[in-house]
1. If you scan the stretch 59-106, which residues turn out to be closer than 25 Å to Met155 by Cα and free of Cβ contacts under 8 Å to residues at least 24 places away in the same chain?
2. Output the residue which, of all residues in the stretch 44-78 that are of a type in the set (Phe, Trp, Tyr) and closer than 26 Å to Ile104 by Cβ, is farthest from the chain's Cα centre (by Cα).
3. Could you grab me the full set of residues in the stretch 88-120 that are more than 18 Å from Val147 (Cα to Cα) and out of contact with any Phe, Trp or Tyr (no Cβ under 8 Å at 6 or more places or on another chain)?
4. I'm trying to understand the selection: among the residues of the stretch 103-138, which are of a type in the set (Val, Ile, Thr) and either at positive phi or touching a helix residue (DSSP H, G or I) at 6+ places or on another chain (Cβ under 6 Å) (or both)?
5. Return a yes/no flag: does the stretch 50-70 have any residue that is out of contact with any Cys (no Cβ under 7 Å at 6 or more places or on another chain), surrounded by 15 or more Cβ atoms within 10 Å (Cβ to Cβ) and of a type in the set (D, E, K, R).
6. Here is a list: Thr94, Thr101. Which entry is assigned to a helix (DSSP H, G or I), of a type in the set (S, T, N, Q) and closer than 20 Å to Gly32 by Cβ?
7. Looking only at the stretch 36-58, which residues are assigned to a helix (DSSP H, G or I) and either touching a residue at least 60 places away in the same chain (Cβ under 8 Å) or not hydrophobic (A, V, I, L, M, F, W, C) (or both)?
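All of the numbers you see were taken from the coordinates with simple rules; none came from a lab. What you see is a predicted model, and the numbers here were worked out from it, not measured in a lab. Virtual Cβ from ideal backbone geometry, glycine too; neighbours counted across all protein chains shown.
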Amino acid sequence: MGREMNRVGERIGRDFERFGTEWGNWFDRTFGVLRPLLGALFGLVLLIIVIAIARRLSLFNIGAFLLSYLLVFFVLMVAFGYSAYAQRKYRKETRWLMPVTVAIGLAISFWILSELSYALWHDTGLPGLDVVGLLFRVLVIVILVLVIVIGYVFMCVVIPREHGNSQSPPGMNG
């Protein structure tokens with residue numbers, strides 16, 4: 001019974017992974033280089049809806065934070081969208097940038113969570129949210145450095161072993 005459940009779970013996982021890959025490939029084929037921009041526009045619309053909901057729920061500080069950084073969020077969505085597009089399209093040439101882009105994305109996410117925690121604390125007065133905001137703010141730099149270091153260690157040690165060679169990033173001897 002357990003083995004059968006494991007096989008069913010693995011099959012469902014493969015099916016979802018295949019569907020996600022096919023869906024992403026369809027978007028890339030259909031919209032090409034415009035896909036990241038369209039994704040960012042869709043994200044912008046969702047963000048505007050979230051701002052409206054926050055205001056409706058009297059979460060004015062959250063709405064104000066999101067609204068004041070709306071253009072920044074849009075630019076970030078476009079930038080990360082094109083980064084992901086380039087990494088899909090030119091995987092071999094851009095793989096050495098992946099740890100940096102992932103680290104920057106995580107650091108920005110932690111900063112956003114920090115600011116949202118502070119805004120929610122101001123809106124609701126829930127105890128501890130200010131501490132959570134401070135924790136996220138302190139962890140931003142730690143996460144940035146750790147993800148970059150771990151990412152490059154992984155790329156330099158694990159990936160060459162998988163491929164049976166010791167390929168180094170451009171400009172490095174290895």
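1. Selection gives Ala79, Ser83, Ala86, Gln87, Tyr90, Arg91, Lys92, Glu93, Thr94, Leu97, Thr101.
2. Among those that are of a type in the set (Phe, Trp, Tyr) and closer than 26 Å to Ile104 by Cβ, it is Phe65.
3. Residues satisfying the conditions are Arg88, Lys89, Tyr90, Arg91, Lys92, Glu93, Tyr118, Leu120.
4. Let us first name the residues in the stretch 103-138 that are of a type in the set (Val, Ile, Thr), namely 104, 108, 112, 124, 131-132, 138.
Correct list: Val132 only.
5. Yes, the stretch 50-70 contains a residue that is out of contact with any Cys (no Cβ under 7 Å at 6 or more places or on another chain), surrounded by 15 or more Cβ atoms within 10 Å (Cβ to Cβ) and of a type in the set (D, E, K, R).
6. Testing whether each residue is assigned to a helix (DSSP H, G or I), of a type in the set (S, T, N, Q) and closer than 20 Å to Gly32 by Cβ leaves just Thr94.
7. Matches in the stretch 36-58: Pro36, Gly39, Gly43, Arg55, Arg56.
Each row is one residue, and each column tells you yes or no for (1) without any contact (Cβ under 8 Å) to a residue 12 or more places away in the chain; (2) part of a helix (DSSP H, G or I); (3) touching a His at 6+ places or on another chain (Cβ under 7 Å).
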site	(1), (2), (3)
Ser109	yes, yes, no
Glu115	no, yes, no
Asp123	no, yes, no
Pro127	yes, no, no
Asp130	no, yes, no
Leu134	no, yes, no
Val142	yes, yes, no
Val153	yes, yes, no
